Structures are given as structure tokens and as C-alpha cells.
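Written out below as C-alpha cells is the structure these notes cover.
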Amino acid sequence: MRWQLLDGIDELVPGRSVRAAARTDFPPELFADHFPSFAVTPGVLLLEMMAQAAGLLVVATRLDAEQRWVFPALSLVRDAKFRHFVPPSTRLEIHAELESLHEHGAQCRGRVLAPRDDQTAEGTRRCASARLVFAVGDGATSATAGGDPTALRGHLEGLFVDLESPWRPPGGAP
């Protein structure tokens, strides 16, 4: 199973919001026990999708405002709500809005949207939502923890390219 759960970034406005795409195309083994005869995507994976999108929004916001790479790590989930079951092979929209940003942290509101069940209905429905709080470190923080800041930066730069983000890091690949 891959841990990059987003398939693409459709819109990213630093300091404001991100809209990404994802699918629940997970291995059948994941759904076999969750739940027998009633396959449902685990809520923790929906939270992770929101966290991945919101984390990239935090990275882009700091790069855009300060030309500084940061590494957000999810530290707290508040007000998580799961409103509708998400079956396998569902196309999802992941939305996140930046609520606050400070030197060592950020808070975003995330939502997971899916097409309505009724094929005649237009639009989407909210399947999950949460407030996501991130601890935000920089290269020095990652090096102190034994990480390689250059590798982390390369990974993040690659994500913006791989996810075909319309926003790209300054000085990065077109």
C-alpha cells in the first residue's frame, strides 16, 4: 500500500486553500475486515487524506510568504466527524482551508467530499470533516531528529510535481 493517498492537486492558493483528488482504491484485504459484507473506508484514511492536502497547503504558504521550507506533522485532530460511509473505488474531493499559521504550528479545516449516491443528483456530499493541527518544523528541526533536510525538501518538491499542482515552489520545476 502506498502512503501518498492523494492523486492530484486541482487548486492550491497559498495562505487560503487547497483542493485535491483521491480515490479509495485500496487492496481488498483492507476492506475484508472493515467490515465483512459491508466494505467501508476506514476513517483514519480519510483523515490522512485531509492531513496530506492541508500539510501541502502549509508548506506552500510558508514558501510563498517567507521563501522557507517547513515540514508540517499532524499533531492533533479536533472536531472529527464522519457523516457518510465511503465505499471502495470512490472518487473523492479533499478540501482544506488554512485557519491559522504561526512560527511552530498551523491549523486547517479539512473536508472529504464524494459524489452523491443518487445518480440523478448533482454535486457532492460531505463524508468527513475535521480541524487539523500541525507542528511545523524546519530543516534544523529535521536534522536534530536525525532526518535529512535535503531529502525532505526533495520529497516535498517532488510531491508538487507528481500531484500536478498548478502551484509550484519558487525556483522549482515548471
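The values are calculated or read from the model by the stated rules, or taken from the named source; none is laboratory data. Everything numeric in this text was worked out from a predicted model, so none of it was measured. A quick note on method: Cβ atoms are made from the backbone with ideal geometry, for glycine too, and the neighbour counts reach across all protein chains shown. Just so you know, the surface numbers come from the protein's heavy atoms only, side chains and all, with ligands and any DNA or RNA stripped out. Shrake-Rupley method; radii C 1.70, N 1.55, O 1.52, S 1.80 Å.
For the reader, a short list of remarks on this structure follows.
- Cβ pairs under 9 Å, 6+ apart, first in region 97-119 and free of Cβ contacts under 8 Å to residues at least 24 places away in the same chain, second among the acidic types (Asp, Glu): ARG109/ASP79; ARG109/GLU97; ARG109/GLU99; LEU113/GLU93; ARG116/GLU122
- Residue match in region 61-68 (condition: assigned to a helix (DSSP H, G or I), loosely packed, with under 15 Cβ neighbours inside 10 Å and either among the aliphatic types (A, V, I, L, M) or modelled with pLDDT of 95 or more (or both)): yes
- Residues within region 17-48 that are under 18 Å from LEU163 (Cβ atoms) and in a loop (DSSP other than H, G, I, E, B), tallied: 2
- Residue within region 158-167 that is modelled with pLDDT under 90 and either open to solvent by 30 Å² or more (accessible area, probe 1.4 Å) or in a loop (DSSP other than H, G, I, E, B) (or both) present: no
- Residue satisfying all of: in region 36-94; within 17 Å of PRO14 (Cβ to Cβ) and basic (Lys, Arg); nearest to the chain's Cα centre (by Cα) among these: ARG62
- Given (1) open to solvent by less than 50 Å² (accessible area, probe 1.4 Å); (2) in contact with a Pro (Cβ under 7 Å, 6 or more places away or on another chain), number of the condition GLU11 does not satisfy: (1)
- Selection count, region 138-157, where residues are assigned to a loop (DSSP other than H, G, I, E, B) and either closer than 11 Å to TRP69 by Cβ or at pLDDT 95 or above (or both): 1
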